[in-house]
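Input: a single structure, listed below in structure tokens.
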Amino acid sequence: MRAIADARILIMATDGFEESELFGPREILLGRGAQVTLASPDARPIQATVHDDPGKTIRPDLTIGGISVDDYDALILPGGVRNPDALRMDEEAIAVIRRFAAQGKPIAAICHGPWLLVEADLLRGVRATSWPSIRTDLRNAGAHVVDEPAVTSGNIVTSRNPDDVPDFTEALIAMVERVPVAA
């Protein structure tokens, strides 16, 4: 088991992420002592959205090509519409998600973020939730879709929208603290 204060969490995002779905979990995790790293396709600052309006920018700590999954305990995939839509077309991003899954590490996706789980083919037989407009995509990918603030199934946590950020983050923290640490 790993205390969240000792955990290393990776957030993967690009332009168009929903501001509160990246900054909210990041602030909660940093406040609990976790190390949080942001990866993006390149090193330039990425732009958030607040619904459809421009939001804050943040500079990634590393590029997706520089990720070593062994260095992290969990992965967060924020929503927004443009962010996961762009990342699901990025072969390296999908490969990173699949490597987290293959190692049984927690993966947390919120709002439109579960599109990335669809692309990585990780939802067959999984209970999941998302933003309402992509729930058919989750069903078509084999998920049992529910409408709850935070859903944990196997090593995956999903959530519906920015209002669910506290429940989403707490569900991820609980999963990280429950997963055995590799020797």
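Annotations for the structure displayed:
- Some residue of the stretch 144-163 being surrounded by 18 or more Cβ atoms within 10 Å (Cβ to Cβ), in a helix (DSSP H, G or I), modelled with pLDDT of 95 or more and among the aliphatic types (A, V, I, L, M): no
- The stretch 52-66 residues that are in contact (Cβ under 8 Å) with a residue 24 or more places away in the chain, paired with ones that are exposed (fewer than 13 other Cβ atoms within 10 Å of the Cβ) and not aliphatic (A, V, I, L, M) (beta carbon under 6 Å, 6 or more apart): THR63/ASP42
- Residue pairs whose Cβ atoms lie under 7 Å apart, sitting 6 or more positions apart in sequence or on different chains, and linking a residue in the stretch 135-161 that is under 23 Å from VAL179 (Cβ atoms) and touching a residue at least 40 places away in the same chain (Cβ under 8 Å) to a partner that is among the acidic types (Asp, Glu) and crowded, with 16+ Cβ neighbours inside 10 Å, are SER159/ASP167.
- Selection within the stretch 127-138 - over 17 Å from LEU172 (Cα atoms) and surrounded by 14 or more Cβ atoms within 10 Å (Cβ to Cβ): TRP131, ILE134, ARG135, ASP137, LEU138
- Residue list for the stretch 104-143, restricted to those being part of a strand (DSSP E or B) and not small (Gly, Ala, Ser): ILE107, ILE110, ARG127
- Only one of PRO41, PRO54 that is closer than 17 Å to LEU87 by Cβ and of a type outside the set (Val, Ile, Thr): PRO41
- Residues being closer than 19 Å to PRO149 by Cα, touching a strand residue (DSSP E or B) at 6+ places or on another chain (Cβ under 8 Å) and assigned to a helix (DSSP H, G or I) - total across the stretch 15-31: 8
- Count - residues of the stretch 24-42 that are over 19 Å from ILE110 (Cα atoms) and surrounded by 13 or more Cβ atoms within 10 Å (Cβ to Cβ): 4
- 3 or more residues farther than 11 Å from LEU10 by Cβ and not hydroxyl-bearing (Ser, Thr, Tyr): qualifying strands (runs of 3 or more DSSP E) within the stretch 32-91: 46-50, 53-58
- Only one of the numbered conditions (1) within 22 Å of PRO45 (Cβ to Cβ); (2) within 13 Å of the chain's Cα centre (by Cα); (3) assigned to a helix (DSSP H, G or I); (4) not basic (Lys, Arg) is violated by ILE94, and that is (1).
- Residue check for ARG124: surrounded by fewer than 15 Cβ atoms within 10 Å (Cβ to Cβ), among the charged types (D, E, K, R) and in contact with a Pro (Cβ under 8 Å, 6 or more places away or on another chain): no
The values are calculated or read from the model by the stated rules, or taken from the named source; none is laboratory data. Treat the numbers as computed from the prediction; the structure is a model and nothing was measured. Cβ sites come from the backbone with ideal geometry, for glycine too, and all protein chains shown count toward neighbours.
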